[in-house]
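K.L.:
Take a look at the following structure, please.
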Amino acid sequence: MANKIKVGLICGSGLGETLHKTFNCSSKTSRENAENDFGYPSSDLYHGCIDGVNIVLLARHGAGHVFSPTGVNYRANIEALRLAGCTHILASTACGSLTESISRGQLVVPDSFIDRTNSRKGTFYDGTSAKYSGVCHMPMEPAFDPRTSEILLQAAKKLGYNIKKGGTVVTIEGPRFSSKAESNALRLWGGHLVNMTICPEVFLAKEAGLLYAAVAMATDYDCWKESEDNVHAADVLVVFRQNVDKITNVLLEAVKIIGCGDWEQDILKLNDLIESSNVTAKK
Ligand code: ADE
């Protein structure tokens, strides 16, 4: 089974442009050739290998950061990675911190989400593709794959990084940041982080049968904290770039650990869940 493992890496703001060079990706599939039932993925797919584990890299916002969080074709991205043979997805994301206990540069592996988006396609099961027929009500606990999430934590600890286990990420529609009143409301709801992209990615991956986990980096305090500067896009990128090596190293290490495991049962279990969650009678 181990040699069938393939890890898709979805790289967020500040990371997608360079990672294929860092990871020595030897070949690529153009966006055009990766077109699927849901359209074109955000970027070309770069194929590589880390310690014998195959990887596929995708830049979430496209080459040159051309797609806004609303404009990203999340379905085409996930489907392109599935069709490329991925069994897992590791995603990186820059986030605002909604809590005192998460400071700038802190790594977090989230374990739940609150979806505050309103203009995105949130399911594969809408009749677009014959592969996804019927009506499928996927459970969202656990939202992120626990075993893959644990590996991200293990990887970071092995590297000596401070990383926080668990946390709720609120995904807002964007592209604007939250108002102060909104930021405080998200805190009251129990959000620990705020970003613009984890939803619908995390639940589309689950519908597609891919084991998905994310490593988040806090880049700012949004605008709720009196003693801190309010979030600004330029500062998000600066803080992310200052800490980008940490994310790259965690991904690299996590891929190696994933490659050492036997995932057959996890994949079968997720596929059973997808099938049993589909309520449409089989013809
Ligand atoms: N990404 C990074 N910081 C953010 C914030 N404060 N709100 C939404 N998305 C973000």
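K.L.:
Taking a quarter of the surface of the Cα convex hull of the chain, what do you get in nm²?
P.N.:
Seen from a random direction, the Cα hull of the chain projects 14.2 nm² on average.
K.L.:
Can you tell me what share of the DSSP beta bridges in the chain is antiparallel? A percent to the nearest 5 is fine.
P.N.:
30 percent
K.L.:
Given R₀ = 45 Å, what would the calculated FRET efficiency be for S30 paired with E226, taking r from the Cβ atoms and rounding to 0.05?
P.N.:
Efficiency, rounded to the nearest 0.05: 0.40.
K.L.:
Continuing with the same structure: Say each of S101 and L159 gets a label point 7 Å from the Cα, pointing the same way as Cα to Cβ; how far apart are those two points in nm?
P.N.:
2.3 nm
K.L.:
Once you order the gyration tensor axes a ≥ b ≥ c over the Cα atoms, which shape class does segment 152-223 get: rounded for a/c under 1.5, otherwise prolate or oblate by comparing a/b with b/c?
P.N.:
Here segment 152-223 falls in the oblate category.
K.L.:
Can you tally the net charge around V238? Count Lys and Arg as +1, Asp and Glu as -1, for every other residue whose Cβ sits under 12 Å from the Cβ of V238.
P.N.:
-1
K.L.:
What are the equivalent ellipsoid semi-axes of segment 17-94, built from the alpha-carbon gyration tensor (square roots of five times its eigenvalues), in whole angstrom, biggest first?
P.N.:
Gyration-tensor ellipsoid for segment 17-94: 19, 14, 12 Å.
K.L.:
Let me ask something additional. Hull surface divided by four, with the convex hull built on the Cα atoms of segment 29-68: how many nm²?
P.N.:
Spelled out: convex hull of the Cα atoms, projected over all directions, averaged, 3.3 nm².
K.L.:
Determine the distance separating the Cα centre of segment 86-113 from the Cα centre of segment 214-233; give it in Å without decimals.
P.N.:
Their Cα centres are 12 Å away from one another.
K.L.:
Can you find, among H47, A76, M217, the residue farthest towards the positive end of the dipole of the chain? Put +1 on the C-beta of Lys and Arg, -1 on that of Asp and Glu.
P.N.:
H47
K.L.:
Would you list which aspartates and glutamates come within 19 Å of K6, measuring only between C-alpha atoms, while excluding same-chain residues fewer than 8 positions from it?
P.N.:
Cross-link targets: D44, D51, E79, D145, E150, E201, E207, E253, D262, E264, D266.
Computed from the coordinates by the stated procedures, all read-outs in this text should not be read as laboratory data. Bear in mind that the values here come from a model prediction, so they are computed numbers and not experimental data. With ideal geometry, Cβ positions are generated from the backbone for all residues, glycine too; neighbour counts draw on all protein chains shown.
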